[in-house]
Structure formats: C-alpha cells, structure tokens
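These notes are about the structure you will find just below.
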Amino acid sequence: MSRNKLAILVLGALLIGHANLQAAETPETEQPKEQGSVVPFGSEDLTTAENLDEGGAISQADLSGVRSELATLRDQLTQRLDKTIANSKRSLSISGSTQTRYAASTSPGKSGFLFNSAILSLKGFLKKDYEEGKSFSYTLGLGSNASYNLQPTDAYLQYSIGQSLDIGQPYLYVNIGQQKKQFGLEATTTEDKQPAINTAQFASKLGLSSRDIGIRLYGDLVPIVDLGYNYRIPLIEYSLGLYNGSGTNAPDTNRNKDIEGRIAINAPVGYYSPWRGLTLGSSFYRGQQDLLKGTTLITNGDGEAIKSRYGADLSYVSAPLGFTAEYVLGRDEKALTGTTLANSTKKITTSRGYTVTFFYEWGEQFYKNSRSQSRNDDWWPTTFQPFIRYDHWDPDTLLANNETAVTTVGFNFFFAETTKFQLNYSISDDKATPLKQNSFAAQFQFGF
Amino acid sequence: MRKWIKALPVVALLFMTVIAQAEEKPKVIRIGAGGNSLNLPKSSGATGWVDEQGLLEKEFAKDGIKIERTYYKSMGPGQNEAIASGLIDFGSAGDLVLVVGRAGGLPYKIISTSGAGGGNVYIQVNPASGIKSLKDLKGKRIGYAKGTYLQLCFVRILDAIGLTEKDIKGVNLISSDQIAALATNSVDAIVSNSDRPLVDQGVAQLLFDTRKYPQFKGGPGAIFVTEAFANKYPDITKRVLKTLLKGYYWASKPENQDAIIASSVKTGGTYKHIKADQIGSLPPKEKYDPTITPEVLKGYQEIIDFSVKSGIIRRKYNVNELFDLRFQGPALKELGYDKYWVHK
C-alpha cells in the first residue's frame, strides 16, 4: 500500500473516531444550543461567532452528516487516486536536481548563462526485508550530458547483505551496475564536504568522478552510537569494487577488470566531542587501459597499459568548521613509439594532484535535527558558508612548469530545503599554456 | 566646577555600571521543545499552556527580550544536538536523554522537573507477530525512540522479565514513524506513548501499559538551562523558571484538566487515549508537581546507574552534576507555591 493511501485511510479512521468520540463524550443531560438564532446585523461579535461555530452537542443527525461528508471525501480521494495520482508497481521515490549558472572569465569569449546539469533520480525497494533489513533496492538516474542529451547515470541494484535495522551493528552492502567509484573525497562527497562548484582538477583528469559498470562491496565496522543525539559513526568504513574500467555507458573494451578500494577511519567518539567529524581515508584504483600513442590505439594494445591511482585524504567537518585535504597520484602507461604492442616503446607518466579546502558556516543547514523542526511555514535554516580552496594539478611530475593551480574563494547561501545559491571566484594559473585567468561563476542549484 | 570634576569619575563609574547592567541581559531567550506527530509547532501540558498564553513573551516584553521557540521532531536528542551546537538556552526533555547528554559532557543543568507524573508507556503489537505476552517479545522487531524515556522504561520492563535489549531486534523509530511502521508490518511491536489509533482500528493490539504497572512508567522529565546562560543571567533564568512554574500551577488545578487534554490533542494525540491516560495517572496536583525533591534526585541517580549497567552510557556520575538547585527553591517561594506543593 502506498504511503498516500495509508495516510488517507489513517486520516479517515481518525476523523470517524473523532466524530464517534465527540458523540460519546457528550453528557446526556446537556441540551444542544439553539442553532441558527438570528443575530441582528452589526451586532455580531467573537462570542456569537464562536457559539454558532461550536453549535453545542452533536446529535445523531449531525453524526450522520459527518459520515456522509466522510463518504463523499473518500469517493473523491478514490477518484483522485485512480485518475490523477501516479502509481508504480514497486515503491518509488523521485528526486532530482538542476544547476543554472552564469559564468564569466577574463579569457575572451567565455561568458554567459549555462544550464549546467539536470539529474533525475528514481529509487525504491524491489524487496523489503522486515525481519533484518536485508533488502533489495534500485537506483536509476538520468542526467544531461554536455550535449544536453539525457543519458543514464546511476543504474544499479543494492542488496543489504547484513542486517540494516540495528544501528548498533555493522552494515554490509553490495551494489551491482553502473555507479560512482568510491575514490577519495572530491569525486564522491556530498555538499557538506564539497562547497565549491567545480571539483578538484584531478577528479576529472584522472577519471575519478566518472561512473563505471561493475560490482562494489562496502560497509562499516565497529559502529559507535550516541543515543543522546541519534548519532552513529562507524570506526571503519570500507569499499571494494571491481569495474570494467571503460567509463560511463560503455561496454568493456578489454578482458581486464579494474579494482578499486577505500578505507576510512573515523574518530570513534560521541557527538559532543571536539574530535567528531575527523576522518582519515586512503584509496586506490588499479587497472588496465588501452595502450595509446597520442590518441591512436596501438595494435594488440587493448587493455595492455597500466592505469593506477593512489590517494589519501583527511577531513574534519564539524559544523560550523570544515576542512578537507586530499592528495592523489596517478600512473598511466603510454606508447612513445611503434605501432604494435610488440614494437612499441612504453613510458609511465606520473601525475599528481592535491587540494585543500576550508569553510565556515553561519546557520543550521548542517545540523540534522534543526532541519527537521515542527513548523507551520516553509521555513528552512538560512545558512551562509564562505570557503577558500586551493587546487593543484601536475600532469607529469617529471616535467617542469606544466602545473595548473586554481585558488577559489566562494560563498554559498542555503535558503530553502533543496536550493542553494553559490558564488565562486577563481584565479587559475596554467604554467603549461601559459595562461593566467580569473573567472567568476554564480549558480543556483535546486532540487526536489 | 572643581566639585563637578571630582564627581566625574564617580559619574563615569556609575554610567559604566548602568551600561554593564544593561548588557547583562540577552537579546533573545532561545527555548527548545519536543515536536509532535502532526509536525506542528506546539507542545502540550503546562509548558504548552505557557506557550499558548505567551506568558514568557509578556514577562520579558518590558526588557525588550524576545522569545524564540524551536520544536524538534526528534524530541530530546534534537535538543541535545541544539545544546551542543549552541542553538538553544532552555529546553524540556525526558529523563534518559538528559542523563545521556550529561554523561557525554553537555553543559546543561536541570532546574525543575516537568511534573512528577512522568509518562505512561504502551506496548502495541501486530497480531500477526504471534506476541501474546511480554516474554514473546524475545527475538522480535520492536520499534521505539532510542535515547528517550521510552527506551529506559522498555529496558526496565525487559529487565523485569529477564531479557535485555540484545534479546530483541530494536528499531530506532521516532513517534511520527511508529504508527506507519506497525501498520505496514515493518515491526512486530512498538513502545509508545498513549497514542494508539491502530488499536482502535483493530490493526494492532495493546499488550502492556504502565497504568497497571506504574513502577515501569517514565520518571519525571525536566526543564534544563545551559550552564553558560544560568551563570551569565541568573536573574533571567529565575524569571523564566517562575513563568514556567505558573504553568505547572495552572495545570495542577482540577478545573483545567479539560483544557490540558484539549491542548494535547492539538499536538496530534487521540482525545480518547489522552483522556484515558490522564485519568489513569496521578491526581493533577501530584502529576504537575515540578519540585525537585530528594526522591527525584534519587530517581535520577538510579537512572544514571541503570544506564551504565545497561550500556546506554559509559560514564557513571553523581546526580548533583546534572542538577542546579539555586533557582527552584527561591522561585517557588516567591510565587508562594512552596506552601502549595509541600514536601516533608
């Protein structure tokens, strides 16, 4: 039964129950107040209105009227359910987000409005296990690409191998399908750890932020639960994945599979500890890629080149303070000469990237319980978040003067539950070009 | 002229004193409270009446001090997070959540109980679960709000029948999620307050409630203030408490019980159940007695000890660490309530 239908049934039952109670609680000796007595125009007051509104004790006729009204309401709701309310075969949650941006740069010809991305996400349970929470769920995402075409983003099944009902016990899940790789912070974290509009350069240059098709096992160990705050933090979080390594919406191009792993150690403390939010993580990604000379595939070079990434990260996110730092090394094998695998000369290029971000918040956006207040209106904790980030990328550590450094100062304004306004000003220095440019971006990110 | 010059330092000192005193009051008093299943910004009982009547607003209007109220759906744990984040100055919560918060170092003190009555606890079961007695709870999925007085009472009930939380599958559910969870068979039973619409509909059965076994009911909840606020603004703290005590006095009068029930209904409860719960409880004067008595302190110490034994908290501490007794005695006396609620 859908949540809407359940809510309607419960509402109906409550109304009937309330009407019955009103009738039952009425003392038998109490006489109904006179209804419809004429009040001279102009002499109405609050007392008169209140008396008319309350109308004294409820009679059987009144009760019949209420029942009739409820029956009509029920019919109306049934019609709406049939005609105008979307239905699905299994549980379904629809969400999405869109980014609309204005970007300007000191480089010529690079400014204007941009509809940066649109994402639609469908999630739900295929089988819900009430016994231990070992449930099957699905996620299907559609996102716009650079050509403004919708294409699948996330498309995976999730199964909870271990129990997921007891917050005091470890969790263990497996995902199978197209999904994000879990490498480091920049490529994977949500907005509470990622205040800038753009991710760090290494995330895209090393292919860390793209999705891939494969299977991922992940979970946690030694959960610490602080019941005083409904706070749960596991000492260890881990993830181990096996992927095609060929990227988003692409079949495997070779017989090899890429392997990814991540382990994160969280400070095992209660909520009211200065160490809450401290996490140290390490990630690796190893695989094979096609051996290329420039952009040309070497004969028999399918899946014959090394591709590896190693990363370490440190974060301390405990509102109102936030700090994240990440360091990543990449190793990619390429052909310098030759046309076949046998006669080619190969070289491994080591690249390096790192980023450091500081931010501070005024407001309650990142306090879980503050976001779930009882309110009459559509209030949301208005929050301001200035930040500064330094992002460094060196595509070949053996070559000098080829790095790009980007310093970004920004300001995020959270003013509604799913909406924020972002201002970023970046100063980038590309030594290889060489090109120094300043750029500005203002972006609305809104979701539903 | 010379006299005027001589008097200048004194005048300046007096002026500075006045300025300093003028600053010795907050611009706003931030008060936390538990939310409700209807997600409405209302609370019930004595403090609900104080809110409805705007008594705190009236009390501090002459000082230009604003009152800000925040109703946390997650009840006590939400207020604990708010205290930890410096978002509220006062709040009211159940006994266990305060004991747990203080064990973790939260800088607040209880300055009054929120009535001696405490809350009754109800165990509702899904008939399909096969649960016929309390012992049948073993191995079953039980939904309750962890970290609240409901958990403490439930653990004590389990303890009385030789079980612990490890013998059941506890599911952390706040009150607004419990009904749906029981109706959809997500859990076999729930540990709740008096509201039980599913029992009325025949969907669930009432297995147990503490009206018959008051030894397991919740202990007195409490009104707390942050140590920083109480130490910086002791007079304001006492005035806030005095205003709230007026609410408890009003609530303790038999003629106001219908209004109390009506107020509780507005927070999402079912009239019939709230009334039955009220009738099955202590007489109003006792139920809304806010006095911190030696028995109250003893009860809280027992909760601390039991929480350590049950593994709910790790640090054992003396109950005096949780209470600040500077305010209630004088406040009761100034209002004349010390002769109303008399304890020998």
### Conditions (1) of a type outside the set (Phe, Trp, Tyr); (2) surrounded by fewer than 21 Cβ atoms within 10 Å (Cβ to Cβ); (3) within 19 Å of the chain's Cα centre (by Cα); (4) modelled with pLDDT under 95: number failed by A:Ala187
(2)
### Residues located in region B:180-212, provided they are farther than 20 Å from B:Tyr271 by Cβ, touching a residue at least 12 places away in the same chain (Cβ under 8 Å), more than 11 Å from chain A (Cβ to nearest Cβ) and in a loop (DSSP other than H, G, I, E, B)
B:Thr210
### Query
Any residue at all in region A:341-353 that is modelled with pLDDT under 95, surrounded by 17 or more Cβ atoms within 10 Å (Cβ to Cβ) and in the same structural domain as A:Tyr229 (by TED's automatic domain parsing)?
yes
### Task
Take region B:20-70 and flag every residue that is within 19 Å of A:Asp378 (Cα to Cα), not polar (S, T, N, Q) and not in a strand (DSSP E or B).
B:Gly35, B:Leu38, B:Leu40, B:Pro41, B:Lys42
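Looking at A:Gly168, A:Gly214, which is the one that is of a type outside the set (A, V, I, L, M, F, W, C) and more than 14 Å from every other protein chain (Cβ to nearest Cβ)?
On the way: A:Gly168 fails: more than 14 Å from every other protein chain (Cβ to nearest Cβ).
Answer to the check: A:Gly214.
Within region A:379-396, identify whether any single residue is away from chain B (no Cβ under 14 Å) and not in a strand (DSSP E or B), and answer yes or no. Show your work before the answer.
Filtering region A:379-396 down to residues away from chain B (no Cβ under 14 Å) leaves A:384-396.
From the residues that got through so far, the ones that are not in a strand (DSSP E or B) too are A:395-396.
For region A:379-396, residues away from chain B (no Cβ under 14 Å) and not in a strand (DSSP E or B): present.
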### Task
Tally the residues that are over 20 Å from A:Gly141 (Cα atoms) and part of a loop (DSSP other than H, G, I, E, B), restricting the search to region A:157-182.
11
### Task
Go through (1) at pLDDT 80 or above; (2) of a type outside the set (Ser, Thr, Tyr); (3) not in a helix (DSSP H, G or I) one by one and return the number of the condition B:Gly269 breaks.
(1)
### Query
Has region A:425-432 got any residue that is over 25 Å from A:Leu314 (Cβ atoms), in a loop (DSSP other than H, G, I, E, B) and touching a residue at least 60 places away in the same chain (Cβ under 8 Å)?
no
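Yes/no per residue for (1) within 30 Å of B:Leu332 (Cα to Cα); (2) basic (Lys, Arg); (3) surrounded by fewer than 21 Cβ atoms within 10 Å (Cβ to Cβ); (4) under 22 Å from the mean Cα position of the chain (by Cα):
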| site | (1), (2), (3), (4) |
| --- | --- |
| B:Ala160 | no, no, yes, no |
| B:Ser175 | no, no, no, yes |
| B:Ala189 | no, no, no, no |
| B:Leu198 | no, no, no, no |
| B:Gln201 | no, no, yes, no |
| B:Tyr213 | no, no, yes, yes |
| B:Lys217 | yes, yes, yes, yes |
| B:Arg239 | yes, yes, yes, yes |
| B:Gly247 | yes, no, no, yes |
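Conditions tested, residue by residue: (1) surrounded by 15 or more Cβ atoms within 10 Å (Cβ to Cβ); (2) at pLDDT below 90; (3) under 26 Å from the mean Cα position of the chain (by Cα); (4) over 30 Å from B:Pro41 (Cα atoms).
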position	(1), (2), (3), (4)
A:Tyr271	yes, no, yes, no
A:Gly294	no, yes, no, yes
A:Tyr316	yes, no, yes, yes
A:Gly330	yes, no, no, yes
A:Phe366	yes, yes, yes, no
A:Asn369	yes, yes, yes, no
### Query
Which one of B:Lys232, B:Lys266, B:Lys275, B:Lys285 is surrounded by fewer than 19 Cβ atoms within 10 Å (Cβ to Cβ), closer than 24 Å to B:Asp177 by Cα and either acidic (Asp, Glu) or assigned by TED's automatic domain parsing to the domain that holds B:Leu56 (or both)?
B:Lys266
### Query
A:Ser147: in the same structural domain as A:Tyr218 (by TED's automatic domain parsing), polar (S, T, N, Q) and surrounded by 16 or more Cβ atoms within 10 Å (Cβ to Cβ), yes or no?
no
### Query
Pairs under 6 Å by beta carbon, first residue more than 10 Å from chain B (Cβ to nearest Cβ) in region A:352-377, partner of a type in the set (A, V, I, L, M, F, W, C) and buried (at least 23 other Cβ atoms within 10 Å of the Cβ), six or more apart or different chains?
A:Gly353/A:Phe202; A:Gly353/A:Val328; A:Gly353/A:Trp393; A:Thr355/A:Ala200; A:Gln365/A:Phe414
### Task
Pick out the one residue from A:Gly245, A:Gly214 that is over 30 Å from A:Phe359 (Cα atoms), in contact (Cβ under 8 Å) with a residue 40 or more places away in the chain and part of a loop (DSSP other than H, G, I, E, B).
A:Gly245
### Summary
Going through region B:51-101 in order, the residues found to be within 14 Å of another protein chain (Cβ to nearest Cβ), among the acidic types (Asp, Glu) and surrounded by 22 or more Cβ atoms within 10 Å (Cβ to Cβ) are B:Asp51, B:Glu81, B:Asp95
### Summary
Within region A:287-321, of all residues that are assigned to a strand (DSSP E or B) and within 14 Å of another protein chain (Cβ to nearest Cβ), the one farthest from A:Asn256 (Cα to Cα) is A:Leu321
### Query
Checking A:Phe113 against (1) farther than 30 Å from B:Arg141 by Cα; (2) in contact (Cβ under 8 Å) with a residue 40 or more places away in the chain, which test does it fail?
(2)
#### Entry: Selected residue [touching a residue at least 24 places away in the same chain (Cβ under 8 Å) and either out of contact with any Ser or Thr (no Cβ under 7 Å at 6 or more places or on another chain) or not assigned by TED's automatic domain parsing to the domain that holds A:Glu186 (or both)] from A:Gly281, A:Gly277
A:Gly281
### Summary
Within region A:250-264, residues touching an Asp or Glu at 6+ places or on another chain (Cβ under 7 Å) and not hydrophobic (A, V, I, L, M, F, W, C) come out as A:Thr253, A:Asn254
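Evaluate the following for B:Lys146: is it within 11 Å of chain A (Cβ to nearest Cβ), among the basic types (Lys, Arg), out of contact with any Lys or Arg (no Cβ under 7 Å at 6 or more places or on another chain) and assigned to a loop (DSSP other than H, G, I, E, B)?
Yes.
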### Summary
Among (1) within 14 Å of another protein chain (Cβ to nearest Cβ); (2) in contact (Cβ under 8 Å) with a residue 24 or more places away in the chain; (3) basic (Lys, Arg), A:Lys181 falls short only on (1)
### Message
If I filter region A:100-111 for residues that are in the same structural domain as A:Thr199 (by TED's automatic domain parsing), among the charged types (D, E, K, R) and in a strand (DSSP E or B), do I get at least one hit?
### Response
yes
### Query
Does A:Ile94 count as surrounded by 11 or more Cβ atoms within 10 Å (Cβ to Cβ), within 30 Å of B:Ile179 (Cβ to Cβ), at pLDDT 85 or above and away from chain B (no Cβ under 13 Å)?
yes
### Query
Can you name the residue in region A:97-125 that is at pLDDT 90 or above and among the charged types (D, E, K, R) and is also surrounded by the fewest Cβ atoms within 10 Å (Cβ to Cβ) among such residues?
A:Lys123
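The values are calculated or read from the model by the stated rules, or taken from the named source; none is laboratory data. None of these values were measured; they are calculated from a predicted model. Glycine gets a Cβ as well: all are built from the backbone with ideal geometry, and neighbour counts include every protein chain shown.
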